[in-house]
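Worksheet for the structure shown next.
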Amino acid sequence: MTPPTDQYDEMAAEYAEHSAAGLANAHYDRPAILALAGDLTGLRVLDAGCAAGHLARLLAECGAASVTGIDISAAMVALARERCPAGTFHRADLAAPLDLFEDGAFDLVTASLVLHYLADWGPPLAELRRVLRPGGALVMSVHHPGEDWRWFGRPDYFRTEQLEDTWTVAGKPRTVRFYRRPLSACFNALRDAGFTVDRLLEPQPQPAGREVDPEGYASMSTAPHFLHFRALTPKAPPSGAAAR
Ligand SMILES: C[S@@+](CC[C@H](N)C(=O)[O-])C[C@H]1O[C@@H](n2cnc3c(N)ncnc32)[C@H](O)[C@@H]1O
């Protein structure tokens, strides 16, 4: 069953507040995404699953030439426009063709904590590869496969399956559905879409996160929670290579 498209609409404002300075987003996921992205100067960046625009704003502040964000949640897109006036934001579903973008429109795609909402990574990764220029990079994060398997006590690590969790977001319980898959399925989907995995990161939280949430900090320092990839599209062949 596909997760409802509005699951973030209902909690957009609360999630925006929660993720602004919370341990998992501000001191764990976003620093790892930025570290893998490297020097952003002059890059055209697509932030896929941009939520309320926290990462998009950082990308713009770090020197990206342009930042475009997409999210399936209209409420999130509205918040992202407010938070990051330098960016351009659209409501779009990563499970559908991204017809609003031309081939090679971006140098870098970031996809932080969004792909685990998709049952099938094939078509979305093919689209992300299409909109990247040759030699472009996809930097993405997902729930760590080992963590979801352990936390939910699932009997078969190797299955891809939908899970349901209840998070406390800004003090309110919120039910969220997503998919877990084994590490090999993540890697193989990237390879099948034509990406080469360049770096894989099981990040450590930033020291400042200890004060925000000491218990969470201890857990993130000693157990996997999120998994980050940097994956590259093939470089264009040298001119004349096709004639040989
Ligand atoms: C955990 S948040 C991502 C965090 C965000 N990248 C940040 O830096 O704050 C997940 C986001 O993915 C979006 N999303 C879920 N499924 C999607 C889909 N099929 N297409 C586009 N966005 C999707 C949700 O609406 C939500 O805003």
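What follows is calculated from the coordinates using simple rules that are stated; it is not laboratory data. Computed from a predicted model, the values in this text were never measured in an experiment. Glycine gets a Cβ as well: all are built from the backbone with ideal geometry, and neighbour counts include every protein chain shown.
Sorting the segments 184-193, 93-102, 23-32 by their mean number of nearby beta carbons within 10 angstrom, highest to lowest, gives 23-32, 184-193, 93-102.
Of all DSSP bridge pairs formed entirely within the chain, close to 55 percent run antiparallel. Coupling constants for region 132-140 follow from the phi torsions by the Karplus curve (6.51 cos²θ - 1.76 cosθ + 1.60, θ = phi - 60°), and in residue order they are 8, 6, x, x, x, 10, 10, 10, 9 Hz; glycine and proline get x.
In terms of its alpha-carbon gyration tensor, region 104-244 comes out prolate; a/c meets the 1.5 threshold, and the first ratio a/b outweighs b/c. In percent, rounded to a whole number, the relative contact order of region 165-244 is 28, using alpha-carbon pairs under 8 Å and six or more apart.
Phi angles of region 108-122 translate, via the Karplus equation with coefficients 6.51, -1.76, 1.60 and θ = phi - 60°, into HN-Hα couplings of 9, 10, 9, 9, 8, 6, 10, 5, 6, 8, 9, 5, 10, 8, x Hz per residue; Gly and Pro are given as x.
Its alpha carbons give region 1-136 an Rg and a Dmax of 13.9, 41 Å.
In this simple spin-label approximation, CYS62 and ASP156 carry label points 7 Å from Cα along the Cα→Cβ vector, and these lie 3.9 nm apart. Helical runs (DSSP H, four residues minimum) scored at -39500 (n - 2.57) apiece and divided by the length of the chain put the mean residue ellipticity at 222 nm at -8500 deg cm²/dmol. For an R0 of 51 angstrom, estimate the FRET efficiency from the Cβ-Cβ distance between THR168 and GLU102 and round to the nearest 0.05. Calculated value: 0.80. Highest average first, the peptides 207-218, 68-79 ordered by how many other beta carbon atoms sit within 10 Å of their residues are 68-79, 207-218. 3J(HN,Hα) along region 167-179: 9, 9, 10, 6, x, 10, x, 9, 8, 10, 10, 7, 10 Hz, from the Karplus curve 6.51 cos²θ - 1.76 cosθ + 1.60 with θ = phi - 60°, whole Hz, x for Gly and Pro. Plainly put, the chain has a radius of gyration that is 0.96 times its Kirkwood radius, both from alpha-carbon atoms, as the Rg/Rh ratio.
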